[in-house]
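Everything on this sheet refers to the single structure shown next.
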Amino acid sequence: MSTKIRNGRPHRPGQPPRGRPSRPHTGRPDPGRSSLSAPAPRKREPVVIELPQTVTVKELAELLNVGTGQVIKELITRGLMLTVNQSVDFATAADVAAAFNVQVTPKPVDASEGVIAAEIEEEENLRPRPPVVTILGHVDHGKTSLLDAIRQTNVTAQEAGGITQHIGAYQVEIKGQKITFLDTPGHEAFTAMRARGAQVTDIAVLVVAADDGVQPQTLEAISHARAANVPLIVAINKIDKPEANPDRVKQQLAEAGVVVHDWGGDVEAVEVSARRKTGIEDLLETILLVAELQGLKANPNRPATGTVIEARLDKTRGPVATVLVQNGTLHVGDFIAAGPVYGKVRAMFNDRGKRLKAAEPSTPVEVLGLSDVPRAGDKVHVAPSEQAAKLFAQQYAQQMAQEAQVQARPTTLEEMFKQDGQVKELNIILKADVQGSIEPIRLSLERLSGDEVKVKVIHQGIGNVTESDVLLAQASRGIIVGFNVRVEPGARRAAEMANVDIRLYNIIYDAVDDIRKAMAGMLEPRFVEIQEGRAEVRKLFGRNGEVAGCVVLDGKIVRNTLARVMRNGQLVGEGQIESLRRFKDDVREVAAGYECGLMLAGGPKLEVGDIINTFRKERVAGDVPL
Ligand code: GDP
């Protein structure tokens, strides 16, 4: 019936339909002429427009070339009371468009627009870029002092005298070359970024206090850096102290597998005193040396990509995000998407408070002009238009929401091996009560390695399972094996949120046997959650707003199933679908595209805009061959 017409005045993706002469709005729907056609096609054929996944009422009216009042009226007839700036989803927009005799197709994200420009770069376009460094080490060994000492001693020449701003990262210059330091030290912050998919560090400086030697968190830091495949430089700190014993530190490091040059290894070690500010230049030169070996490069002549290092809401300046530019150059005036938020770069400042017009690769900059506050670890992309930036941010938000609700990553032992040979390496974080049991368990576990699967203990330590262990497991897609230890409460919560498998044992044989069975796909079947439906809350009814009027977006909503509630992309709680109605009738299920009224038992108080994801439990068979 319908003819696909790319209208005489097509919208280029990403461009709002500004400047298009619009017909005077009569306030009355005029299906024949309200399409994009101007003049109207002779035969009143339906036209086809491209629609993004969500669109505001105002944008929809513009796309349909009708008044916002007309769109609002159409929405009211569908039970939706929305203002011009509120959004409707694709299905609703399509339905409204149909009333104006306009058909819609989903708008693809056009990679050629540069929104998700290919990351592959031609060698000839690449230029050396400064290394990005993180400082790791045991508590009180001097990480913060060292960051301060570096910052005070080496300021880029032209910016000396600028006022130090804490923006989450800073740059120093030595012998005309720059180095970027992330100034949130510690392996938790480092791995938390990695767990969010952001790898920003090129080199890790491991601080070890010369008077205290290698400590549990030193070992953790080593494992975290190794798991990330980031080279280490050792800074032996506090050498000003009379009891300092750098040789003992080197020996302990060698025992932990970090062999420094003096000991015949290839790890650089530098003796420093953060307090007296000695050895700092030596450390910086060593960083440059290691960076040179890495051959760090980027293409400054392309639209920027980067990562949010930190972000906050400033009372006077609005959302402020520190972005580490990783490739390309970020300019004032660029449209950007930073994770789920977007905006136009209104102004940029460096760590000395200096206003910048452009920021090259490895430069950390404070960015003003975003619509909201993004999170550390969110990816930043430059887009060709505001529309494109918004679209990209929306898609990111949707993706995040989906990843948060569905068990996107196979992180339980059984699931890992149900992925038909996808797992080539089983990463294990091993915690035990005494040193004596660690080695035998590690050896027994690693001996399970076969041709198809390698078992690798990426970190071993004494003591309870901590949040840091969970982070490492999450970032490395590993599991945690505990022997005669407990799980700290914070770690338990973190593991549940991140879906990290923690297995506790008292008998070595049981631990080894369990993992062997899992590798052979022989473990007892378990129940897994399968996502079944997704609904959006559009309106609240009842005396206390306890009945949610929803539209089912995908799948189906079934009574008595588990429901997780997402608000602005974040999980806010879970409950059970207690009652489900269509109009006045109790129903067992409601399919996509339909409206329903539902009540949650045991869940959070629902709000308009909440997304409800429902899950059913399904038994998984335990016999998938490796
Ligand atoms: P962090 O927990 O690793 O960040 O350690 P801090 O930087 O907070 O330092 C812990 C303590 O060690 C502080 O009291 C510092 O003053 C002290 N400290 C740091 N570096 C040195 C150093 O080079 N020499 C001496 N004597 N003390 C230091």
In segment 49-94, residue least open to solvent (accessible area, probe 1.4 Å) [restricted to those that are within 18 Å of E595 (Cα to Cα) and of a type in the set (S, T, N, Q)]: T92
Are there any pairs, at least 6 apart or on different chains, whose C-beta atoms fall under 7 Å, with the first in segment 562-588 and closer than 20 Å to R493 by Cα and the second at pLDDT below 90 and hydroxyl-bearing (S, T, Y), and if so, which? none
Selection count where residues are closer than 27 Å to L296 by Cα and either outside any strand (DSSP E or B) or open to solvent by 80 Å² or more (accessible area, probe 1.4 Å) (or both), scope segment 224-238: 8
For segment 244-263, what are the residues that are open to solvent by 40 Å² or more (accessible area, probe 1.4 Å) and modelled with pLDDT under 95? E255, G257, H261, D262, W263
Can you name the residue in segment 164-181 that is open to solvent by 10 Å² or more (accessible area, probe 1.4 Å) and touching a strand residue (DSSP E or B) at 6+ places or on another chain (Cβ under 6 Å) and, of all such residues, is nearest to N350 (Cα to Cα)? Q171
Looking across segment 441-460 at residues that are open to solvent by 50 Å² or more (accessible area, probe 1.4 Å) and at pLDDT below 85, the single one that is nearest to D513 (Cα to Cα) is K454
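Residue by residue, here is whether (1) outside any helix (DSSP H, G or I); (2) over 17 Å from H138 (Cβ atoms) holds:
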site: D240; (1), (2): yes, yes
site: E243; (1), (2): yes, no
site: V249; (1), (2): no, no
site: Q252; (1), (2): no, no
site: V258; (1), (2): yes, no
site: D262; (1), (2): no, yes
site: G265; (1), (2): yes, yes
site: R276; (1), (2): yes, yes
Quick check: anything in segment 290-309 of a type in the set (D, E), under 18 Å from V207 (Cα atoms) and either part of a loop (DSSP other than H, G, I, E, B) or free of Cβ contacts under 8 Å to residues at least 40 places away in the same chain (or both)? no
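Which residue is surrounded by the most Cβ atoms within 10 Å (Cβ to Cβ), if the candidates are limited to segment 533-563 and must be of a type in the set (V, I, T) and under 15 Å from D610 (Cβ atoms)?
Narrowing segment 533-563 to residues of a type in the set (V, I, T): 537, 547, 551-552, 557-558, 561.
When the remaining residues are screened for being under 15 Å from D610 (Cβ atoms), the result is 537, 547, 551-552, 557.
Values: V537: 20, V547: 18, V551: 23, V552: 23, I557: 28.
Going through the qualifying residues, I end up with I557.
Filter segment 95-118 for residues that are modelled with pLDDT under 75 and assigned to a strand (DSSP E or B); which is least open to solvent (accessible area, probe 1.4 Å)?
To start, the set of residues in segment 95-118 that are modelled with pLDDT under 75 comprises 105-118.
Still in the running and assigned to a strand (DSSP E or B): 105-106.
Working: T105: 25, P106: 79 Å².
Only one residue tops the list, namely T105.
Considering only residues of segment 128-150 that are more than 9 Å from the ligand (Cβ to nearest atom) and not polar (S, T, N, Q), which is surrounded by the fewest Cβ atoms within 10 Å (Cβ to Cβ)?
Residues of segment 128-150 more than 9 Å from the ligand (Cβ to nearest atom): 128-134, 136, 150.
Filter once more, so that each one left must be not polar (S, T, N, Q): 128-133, 136, 150.
Details: P128: 14, R129: 22, P130: 22, P131: 22, V132: 27, V133: 25, L136: 29, I150: 27.
Selected residue: P128.
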Residues to consider are E281, E271; find the one that is buried (at least 18 other Cβ atoms within 10 Å of the Cβ), farther than 30 Å from P384 by Cα, among the acidic types (D, E) and within 16 Å of the ligand (Cβ to nearest atom). E271
Residue among T218, T184 that alone is more than 17 Å from Q474 (Cα to Cα), of a type in the set (S, T, Y), open to solvent by 10 Å² or more (accessible area, probe 1.4 Å) and touching a residue at least 40 places away in the same chain (Cβ under 8 Å): T184
Exactly one condition in (1) more than 30 Å from V465 (Cα to Cα); (2) more than 16 Å from the ligand (Cβ to nearest atom) is false for I239; which is it? (2)
Assuming D266 fulfils every condition listed in (1) away from the ligand (no atom under 16 Å from the Cβ); (2) open to solvent by less than 40 Å² (accessible area, probe 1.4 Å) apart from one, which condition is it? (2)
Of the conditions (1) among the acidic types (D, E); (2) under 37 Å from the mean Cα position of the chain (by Cα); (3) modelled with pLDDT of 65 or more, the single one that E121 does not satisfy is (3)
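Okay, residues lined up against (1) closer than 15 Å to P131 by Cβ; (2) touching a Gly at 6+ places or on another chain (Cβ under 8 Å); (3) not aliphatic (A, V, I, L, M):
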{"site": "V172", "(1), (2), (3)": "yes, no, no"}
{"site": "H187", "(1), (2), (3)": "no, no, yes"}
{"site": "Q199", "(1), (2), (3)": "yes, no, yes"}
{"site": "D202", "(1), (2), (3)": "yes, no, yes"}
{"site": "Q217", "(1), (2), (3)": "no, yes, yes"}
{"site": "A225", "(1), (2), (3)": "yes, no, no"}
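Taking the condition of a type in the set (A, V, I, L, M), open to solvent by less than 10 Å² (accessible area, probe 1.4 Å) and in contact (Cβ under 8 Å) with a residue 40 or more places away in the chain, does L330 pass? If you could, list the steps in order and put the result at the bottom.
Numbers: of a type in the set (A, V, I, L, M): yes; open to solvent by less than 10 Å² (accessible area, probe 1.4 Å): yes; in contact (Cβ under 8 Å) with a residue 40 or more places away in the chain: yes.
So L330 fits the description; yes.
The values are calculated or read from the model by the stated rules, or taken from the named source; none is laboratory data. Here the structure is a predicted model, which is why all the values come from computation and not from measurement. Note: ideal-geometry Cβ built from the backbone for every residue, glycine included; neighbour counts use all protein chains shown. Only protein heavy atoms, including side chains, enter the accessible area calculation; ligands, DNA and RNA are left aside. Shrake-Rupley method; radii C 1.70, N 1.55, O 1.52, S 1.80 Å.
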